[in-house]
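First up is the structure itself, then whatever we jot down about it.
The values are calculated or read from the model by the stated rules, or taken from the named source; none is laboratory data. None of these values were measured; they are calculated from a predicted model. Positions of Cβ are backbone-derived with ideal geometry, glycine not excepted, and every protein chain shown enters the neighbour counts.
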There are 2 protein chains.
Amino acid sequence: MKPATSLHEGLLVALRDFIVEGNLADGARVPERALCERFNISRTPLREALKVLAAEGLIELLPNRGARVRELSPEDIRELFDVMGGLEALAGRLACERISEAEFAEIERIHHDMYRFYLRRDMHGYFHCNQAIHQLIVAAAGNATLAATYAGLAGRIRRVRYSANLAKDRDRLGEAMREHEAILDALRRRAGPELSDILFLHLRNKLKAAQASTG
Amino acid sequence: MKPATSLHEGLLVALRDFIVEGNLADGARVPERALCERFNISRTPLREALKVLAAEGLIELLPNRGARVRELSPEDIRELFDVMGGLEALAGRLACERISEAEFAEIERIHHDMYRFYLRRDMHGYFHCNQAIHQLIVAAAGNATLAATYAGLAGRIRRVRYSANLAKDRDRLGEAMREHEAILDALRRRAGPELSDILFLHLRNKLKAAQASTG
DNA sequence: CTTCCAAAAAATGAATGCAAAATATCAGGC
DNA sequence: GCCTGATATTTTGCATTCATTTTTTGGAAG
């Protein structure tokens with residue numbers, strides 16, 4: 001795809017991953033000097049990258065007091081889920097307008113895989129398929145701006161780990177499977193507005209389950 | 001509100017406005033040196049600001065070839081309208097859940113103002129009210145993440161001027177008024193999913209009108 | 001022992017300097 | 001007259017440096 005442009009670009013990706021993967025504690029200072037040594041660069045490109053990450057909402061920059069890993073309050077998480085729900089709702093609507101049979105077949109195939117993982121209680125496989133389906137719907141929308149916006153929000157929330165807790169809730173898992181059935185059905189019928197609704201509520205329920213399990 | 005923290009923050013706002021207001025031609029190089037003199041700063045903070053603006057999608061950074069004002073293709077504009085439509089749809093849904101009577105009354109008041117401007121064919125007043133209503137719906141959603149995301153996309157598209165062309169289309173204006181009536185009605189009834197739909201289609205129609213008048 | 005204040009140390013924000021890459025300029029050949 | 005290629009200029013990207021602010025440390029007073 002991209003020929004790995006500049007040092008800056010690579011650094012930005014590396015630094016983003018470094019933070020998203022949780023190498024820094026929530027609310028912790030982002031040590032410029034240590035990161036400079038870690039990535040073998042000087043402070044100038046590092047600080048440029050930090051400014052970008054701050055714009056993305058991953059960290060926050062306090063004047064004269066450096067960067068901190070942004071802590072996500074329950075309210076922040078609620079907001080993020082709703083916005084992602086809105087974007088997925090949009091993705092579903094757009095997907096209904098333009099998805100190809102091949103793309104739909106691919107989603108359906110993964111859905112069936114997911115169902116098998118669900119029956120076997122293979123959580124790793126289940127979540128992998130789940131994520132893949134949502135990703136494919138966004139991709140099927142054929143809107144790069146949407147995909148980029150969605151990816152940005154997804155990156156912010158990736159620091160928070162729900163999987164372990166969510167996986168324990170068997171009721172929620174069954175409910176989620178039924179919701180996914182409905183998603184597939186609406187997509188099959190190319191029922192845009194309906195799918196839009198289902199997807200938003202699906203995200204709402206996901207949030208509710210996460211809230212119930214974590215606090 | 002904010003006490004204008006660092007030089008960087010102020011510069012970022014100034015530079016963003018400078019570009020959004022169209023001081024640089026579409027696709028034009030962003031001259032670092034000239035801007036340094038323009039804002040009386042050195043290249044370091046300017047380059048940091050450029051990185052952020054690139055992350056926001058307002059400019060694009062070509063490796064070793066500097067920054068260029070990002071040109072919006074018709075496809076880009078279509079994408080932006082759809083995503084903003086999706087976000088407004090979300091805003092409408094959330095607004096139905098939590099809007100106060102006072103907030104609704106304010107929107108209704110501006111709606112009536114807009115209707116008067118419409119009757120008088122006062123385009124400036126009409127567009128001002130129109131923008132205010134959409135802004136208030138987003139605000140009434142009570143979701144800062146949504147508001148920030150929406151503002152980011154709105155900034156990208158602000159460079160493109162449709163108003164002049166749109167204003168000439170009297171049919172579209174009447175149609176838009178009717179759509180706004182429907183928006184108010186759905187909001188009054190707190191009919192979230194319905195409002196969601198209306199808002200998305202409203203944006204779609206806006207795009208269609210813009211496309212019809214410009215190309 | 002705790003609290004408060006001052007000085008030292010470290011970190012941040014911005015400017016300058018320098019090597020590499022890109023663009024522009026110009027001479028020579030067709 | 002126009003195209004090609006080498007050189008000069010400009011510009012970009014990053015490192016280094018400097019001033020300012022913050023944080024830490026040490027010690028004295030209560």
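Among residues of region A:21-52 being within 14 Å of chain B (Cβ to nearest Cβ) and of a type in the set (Gly, Ala, Ser), the one that is farthest from DNA strand D (Cβ to nearest atom) is A:Ala49. Looking at region A:49-72 only, could you name the residues that are among the charged types (D, E, K, R) and either more than 8 Å from DNA strand C (Cβ to nearest atom) or under 15 Å from A:Arg156 (Cβ atoms) (or both)? Across region A:49-72, the qualifying residues are A:Lys51, A:Glu56, A:Glu60, A:Arg68, A:Arg70, A:Glu71. Restricting attention to region B:133-149 and to residues that are assigned to a helix (DSSP H, G or I) and among the polar types (S, T, N, Q), the residue that is farthest from A:Ala55 (Cα to Cα) turns out to be B:Gln135.
Of the residues making up region A:182-193, those that are part of a helix (DSSP H, G or I), touching a residue at least 60 places away in the same chain (Cβ under 8 Å) and not β-branched (Val, Ile, Thr) are A:Leu184, A:Ala186, A:Leu187, A:Arg188, A:Gly192, A:Pro193. Being modelled with pLDDT of 95 or more and within 14 Å of chain B (Cβ to nearest Cβ) is the requirement here; does A:Leu184 meet it? Criteria not met by A:Leu184. Filtering region B:53-85 to residues that are among the small types (Gly, Ala, Ser) and within 16 Å of DNA strand D (Cβ to nearest atom) leaves B:Ala54, B:Ala55, B:Gly66, B:Ala67. Screening region A:27-44 for residues that are touching a Lys or Arg at 6+ places or on another chain (Cβ under 7 Å) and part of a helix (DSSP H, G or I) and picking the one that is nearest to DNA strand C (Cβ to nearest atom) gives A:Glu32. Scan region A:44-67 and tell me whether some residue there is over 16 Å from B:Glu48 (Cβ atoms) and β-branched (Val, Ile, Thr). No, the conditions are met nowhere in region A:44-67.
Contact annotation: residue pairs with Cβ atoms under 9 Å, 6 or more positions apart or on different chains, pairing a residue in region B:194-214 that is in the same structural domain as B:Gln135 (by TED's automatic domain parsing) with a partner that is of a type in the set (Phe, Trp, Tyr) and modelled with pLDDT of 95 or more, are B:Ser196/A:Phe200; B:Leu203/B:Phe81; B:Arg204/B:Phe81; B:Lys206/B:Phe81; B:Leu207/B:Phe81; B:Ala210/B:Phe81. Residues considered: B:Ala89, B:Ala67, B:Ala55. Of these, the only one that is within 10 Å of another protein chain (Cβ to nearest Cβ), more than 15 Å from B:Ala139 (Cα to Cα), surrounded by 13 or more Cβ atoms within 10 Å (Cβ to Cβ) and of a type outside the set (Lys, Arg) is B:Ala55.
Here the condition is being of a type in the set (A, V, I, L, M), in the same structural domain as A:Gly152 (by TED's automatic domain parsing) and in contact with a helix residue (DSSP H, G or I) (Cβ under 6 Å, 6 or more places away or on another chain); of A:Leu61, A:Leu94, A:Leu87, it holds for A:Leu87 alone. Among the residues of region A:163-175, some residue qualifies, meaning at least one is assigned by TED's automatic domain parsing to the domain that holds A:Leu207 and within 13 Å of the chain's Cα centre (by Cα).
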